Amino acid sequence: MEPPPAIDTDPRLVGDRLRQLRQARGVSLTELAKRAGIDRSTLSDVETGGTNPTLETLWAITAQLGVPIGAILDTPPQPQIMRGTAMEAELLEAFEDAYVTYELYRVRLLPGLTQTSPAHHEGVTEHVTVFTGTLSAGPIREPLTAGPGDHISWRSDVPHGYRAHGSDIMRATLLMRYPVKS
């Protein structure tokens with residue numbers, strides 16, 4: 001059985017948005033790939049819509065562009081689902097004020113697997129409220145643990161990860177807070 005696509009939107013639209021953001025910042029394809037820690041050919045395939053990138057790849061790229069991942073997805077009301085190694089994240093809403101952009105996700109994390117994320121740009125924070133299961137999440141070197149009804153948060157401008165413990169799927173909400181870069 002073939003795994004589901006990483007994102008539920010047309011990869012060409014995502015690629016076009018990424019290319020526009022990269023070009024607006026005056027960054028070459030080679031330089032962005034280097035900063036994001038991915039192959040140049042992978043980034044080229046993402047920008048041309050030739051591949052449906054993983055959640056990890058999208059976070060690595062958008063982190064280096066200094067934008068929330070929602071900047072490259074369709075705007076809700078239709079929730080966008082992204083899939084990574086262990087996590088499924090459904091973008092429910094994106095909203096902003098003068099200084100901050102927020103993205104609210106419904107997340108599911110498969111037990112026994114680890115979802116890792118590269119550092120986001122400076123000042124980004126993540127806030128998780130667990131509904132079912134047990135979660136370890138946060139900076140790779142100092143993860144936090146939360147169970148049903150618990151809330152944890154951390155600065156995610158460092159490499160960080162998520163891991164569900166036990167045999168149950170962990171379900172939670174994730175609020176990402178991105179300060180607007182000047």
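Observations, loosely collected:
- Sorting the segments 23-33, 58-68 by their residues' average number of neighbouring beta-carbon atoms within 10 angstrom, most packed first, yields 58-68, 23-33.
- Just so you know, the Cα atoms of region 88-182 work out to an Rg and Dmax of 13.0, 44 Å.
- Using θ = phi - 60° and Karplus 6.51 cos²θ - 1.76 cosθ + 1.60, couplings along region 87-93 (whole Hz; Gly, Pro as x): 10, 10, 10, 10, 6, 8, 7
- Where Rh is the Kirkwood radius over Cα pairs, Rg/Rh for the chain: 0.95
- A straight chain from L13 to T173 at 0.36 nm per residue would run longer than the Cα-Cα distance by 55.0 nm.
- The share of accessible area on the chain that comes from carbon and sulfur is 51 percent, using a 1.4 angstrom probe.
- Length added when fully stretched, A98-R25, from 0.36 nm per residue minus Cα-Cα: 24.2 nm
- Calculated FRET value between T129 and V180, using beta carbons and R₀ = 25 Å, to 0.05: 0.55
- Assuming charge only on the beta carbon of Lys and Arg (+1) and of Asp and Glu (-1), the dipole of region 64-182 about its Cα centre is about 300 debye to the nearest 20.
- Between T48 and R155, the simple spin-label model (points 7 angstrom out along Cα→Cβ) gives 4.0 nm.
- Contact order relative to length of region 38-182, as percent, for alpha carbon pairs under 8 angstrom and 6 or more apart: 24
The values are calculated or read from the model by the stated rules, or taken from the named source; none is laboratory data. The model shown is predicted, which means the values in this text are computed figures rather than measured ones. Cβ sites come from the backbone with ideal geometry, for glycine too, and all protein chains shown count toward neighbours. Quick note on the areas: whole protein, heavy atoms, side chains included, nothing else; ligands and nucleic acids left out. Shrake-Rupley method; radii C 1.70, N 1.55, O 1.52, S 1.80 Å.
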